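I have placed the structure first, in the form of structure tokens, so that the comments after it can refer back to it.
Each reported figure results from applying straightforward, stated rules to the coordinates on display, with no laboratory input. The structure displayed is predicted, hence computed values, not measured ones. Cβ coordinates were reconstructed from backbone atoms using ideal geometry, including for glycine residues, and neighbour counts include every protein chain displayed.
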Amino acid sequence: MSLSPMRLLCAAGLFGLCAAVPLSASARIQTSPIGTVKAVIDGKDYAGETLAVPSEDSATADFRTFGPVTNLAIQAQDPEAERRMHNVLTLEISVMGEGAGAQITASSASYWPDGMNAPFYTSEEGAGGASITLEAFSLESGAARAAGSFEATLCAKESYFAEIDLEDCLPVEGVFDTALHKAD
């Protein structure tokens, strides 16, 4: 699965929302944790949070429904990172159905250790993809949630439009459990 223009726009929008606010100003924007992503990335423990941003009526874990397909974007931010958009782990999942019968039709993972303007790692473009399992999934109004596990090989890219470097790859595996915000 490659980065489609819509996915690229969504990723840029999420990064823009958080990156546009300097760290000193981010204290004024109220966020609250709505979930967790725990992983091991290249042998190192990772603990990230998904966040609700009530003033923006948004969250870093959300879903959009297009006919029978629901797209989930789960962006975990490291609360210990020096900058909000550093050490970000993102999972993207396309699903048909809901609950125990939900079928994943596409999935990917990416890791942004040094923010959006630096090299990043992705499971797309020949890197081997991401294997994601949903153990709980609901789109119930006011109680939308996704929980599961994932495993992927993430390979480096210098920028969005650069060639993927299949010689610079990181194994990642972990679990997630988060509330989901319905995106507009």
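A few points about this structure:
- Footprinting exposure proxy ranking of 89, 51, 170, fewest other C-beta atoms within 10 angstrom first, gives 170, 51, 89.
- Distance from the Cα centroid of segment 61-75 to that of segment 112-184 is 14 Å (rounded to whole angstrom).
- Residue (of 94, 113, 159) at the positive-pole extreme of segment 5-182, dipole from beta-carbon charges: 94
- 16 Å reach of a label modelled at residue 36, 7 Å along Cα-to-Cβ, counting backbone N of segment 59-103: 76-80
- The chymotrypsin sites (Phe, Trp or Tyr not before Pro) of segment 141-181 that meet both conditions, a loop assignment by DSSP and at most 11 other Cβ atoms within 10 Å of the site Cβ, are 161.
- A DSSP coil position with no more than 12 other Cβ atoms inside 10 Å describes the following GluC sites (Glu not before Pro) in segment 25-134: 80, 82.
- Within a straight-line Cα-Cα reach of under 28 Å, residue 157 can be paired with the following lysines, leaving aside sequence neighbours fewer than 8 residues apart in one chain: 38, 44.
- Cβ crowding within 10 Å, taken as a proxy for footprinting-reagent exposure, orders 154, 139 from fewest neighbours to most as 139, 154.
- Local electrostatic count at residue 130 - Lys and Arg +1, Asp and Glu -1, tallied over other residues with Cβ under 9 Å: -3
- Virtual paramagnetic centre 7 Å along Cα→Cβ of residue 143, amide N under 17 Å, in segment 160-179: 178-179
- Seen from residue 175, the other residues with C-beta closer than 10 Å to its C-beta sum to a net charge of -2, counting Lys and Arg as +1 and Asp and Glu as -1.
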